[in-house]
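Just below is one structure, and these are the notes that go with it.
Only the coordinates and a few stated rules stand behind these numbers; no lab work does. Predicted, not measured: the structure shown is a model, and the values here were computed from it. Every residue, glycine as well, gets a Cβ built from its backbone with ideal geometry; the counts of neighbours run over all protein chains shown.
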Amino acid sequence: MHMRTIKERIHWIGAVDWDRRLFDALIPLPDGTTYNAYLIEGSERTALLDTVDPPLAEPWLARIAEVPKIDYIVSHHAEQDHSGTIGRVLEHFPQAKVITSPKAKSMLMDLLRIPDDAIVTVADGETLSLGDKTLKFIHTPWVHWPETMVSYLEEDRILFSCDFFGSHIASGDLYVKDQCRVYEAAKRYFAEIMMPFKSTIAKNMEKLKGYEIRMIAPSHGQIYDQPAWIMDAYREWVGAPPHNLVVLPYVSMHGSTQQMVDHLIAALADRDVRVEPFNLVVTDIGKLAISLVDAATIVVGTPTVLAGPHPLAAYGAFLANALRPKALFLSIIGSYGWGGKTVETLAGMIPNLKVEVLDPVLCKGQPTPEAFAALDHLADTIAAKHKGLGLL
Ligand code: FEO
């Protein structure tokens, strides 16, 4: 993709990764992604904001080599998809200084072996003059690493936010065209990497309140030329109460747990509780993560295998524990053949979840009328808990 001008002397100079389908060997990218770098040409100095993932370095560096000069390389975040090509840019522009937060400095040195004397650290709120354009650096930790910061271009009111507000969508569009599509992708991204740090993200949102932001230029996805809606969405994700929603990750081996899941889904629907089931054999874990952003209750459905939860259910519980969603209630349902410690094992895997555990429903073999009645009772309890809190 060619360099594209956002405003006079402010350019997108990124790379589009159309075919990438997995990030960190973990996170599904159904729509690919972009690595957005930006070039700001001030009247006196030029700054490059972030770089691109090293696998896409070659065609990108050919464009960088055509830039007349780069005085500064701003590194908002030390993760390699944005910082990994800094060393290669320094080969073209050896006099350039890498501008980053103090915490990022040691990370850039450790992860990329950027030399100490090439790096200049900036404090929270510090500014950098490019002549007629001024970058202000705002430290926004834990988006989603401890060193992250954003830049605010004061004269043009543009926030360069790196992962913050980003979305994984490969596209030829420079700006967000389809808000619904980007909403889901941005929520997926928030859920997968930022949700565990939502209280710090909320503080970062507060910090941005004092700035007039006309445009948000993230490092993944398209630029928000109408940024209010994505900022409102983030405020909701980090701060609003959970919804009247049950997320139900489950796995079934011979159909008994599936029967229990089906019964509970119907029972919850009868009680006007929304439910989103995820069969862990086939599910996209990003969809599960999105659902966890809003769910008030998590119910894990699992058979007992090898004397404990099915490994896929254990994986689902591990993920939910790591993502620290705002869920308030949790239960476990499933079938077993002769015994085991499914409930104890799963309960021990979720220390981060500050939830009230509702009575589990475990059934020996195929579900009996008593098991279905117990599932009805669980649905009654969930509906009453949600209603009691006024969840919508
Ligand atoms: Fe897009 Fe945390 O890197």
So for the stretch 174-289, averaging the separation of alpha carbon pairs under 8 Å that are six or more residues apart and normalising by length, what relative contact order in percent results?
27 percent
Which of the three applies to the stretch 227-297, rounded, prolate or oblate, going by the alpha-carbon gyration tensor with a ≥ b ≥ c and a/c under 1.5 meaning rounded?
oblate
Tell me which residues come under 5 Å, amide H to amide H, from Thr46 once H is placed; ignore anything under 5 positions away on its chain.
Asp71, Tyr72
Projected label distance in nm at Asp124 and Lys387, using a 7 Å step from Cα toward the beta-carbon:
4.5 nm
Give the range of the longest stretch in the chain that excludes all chymotrypsin sites (Phe, Trp or Tyr not before Pro) found in loop regions by DSSP and having at most 15 other beta-carbon atoms within 10 Å.
19-210
Show me 89-98, 294-303 ranked by packing, highest mean number of other Cβ atoms within 10 Å first.
294-303, 89-98
So if R0 is 25 Å, what FRET efficiency would Asp380 and Ala347 give, r being the distance between their Cβ atoms, rounded to the nearest 0.05?
0.70
Taking the stretch 120-164, which trypsin sites (Lys or Arg not before Pro) meet the DSSP loop condition and have no more than 16 other C-beta atoms within 10 Å?
Arg157
Chain lengthening between Trp229 and Asp284 when straightened (0.36 nm per residue, less Cα-Cα)
17.2 nm
Which of Ala37, Met215, Trp142 sits closest to the plus end of the dipole of the chain, meaning its Cα is farthest towards the positive end, when Lys and Arg get +1 and Asp and Glu get -1 on the C-beta?
Trp142
Kirkwood Rh over alpha-carbon pairs of the stretch 245-388 plugged into Stokes-Einstein at 4 °C, 1.567 mPa s gives a D in µm²/s of 88 µm²/s
List the trypsin sites (Lys or Arg not before Pro) in the stretch 175-282 that DSSP assigns to loop (not H, G, I, E or B) and whose Cβ has at most 11 other Cβ atoms within 10 Å. Which are they?
Lys177, Lys209
Once you sort the root eigenvalues of the Cα gyration tensor of the stretch 116-272 as a ≥ b ≥ c, which label holds: rounded (a/c under 1.5), prolate (a/b larger than b/c) or oblate (the other case)?
prolate
Report, for the chain, the % of DSSP beta bridges that are antiparallel, rounded to 5.
45 percent
By the C-alpha gyration tensor axes a ≥ b ≥ c (rounded if a/c is under 1.5, else prolate when a/b exceeds b/c, else oblate), the shape of the stretch 4-239 is rounded
Filter the trypsin sites (Lys or Arg not before Pro) in the stretch 319-358 down to the DSSP loop ones having no more than 12 other Cβ atoms within 10 Å, then list what survives.
Lys354
The set of residues whose placed amide H lies less than 5 Å from the amide H of His310, leaving out same-chain residues fewer than 5 positions away, is Val305
Using only alpha carbon pairs under 8 Å that are at least six residues apart, calculate the relative contact order of the chain and give it in whole percent.
12 percent
Take every Cα pair under 8 Å in the stretch 309-392 that's 6+ residues apart, average their separations, divide by the length, and report that relative contact order as a whole percent.
32 percent
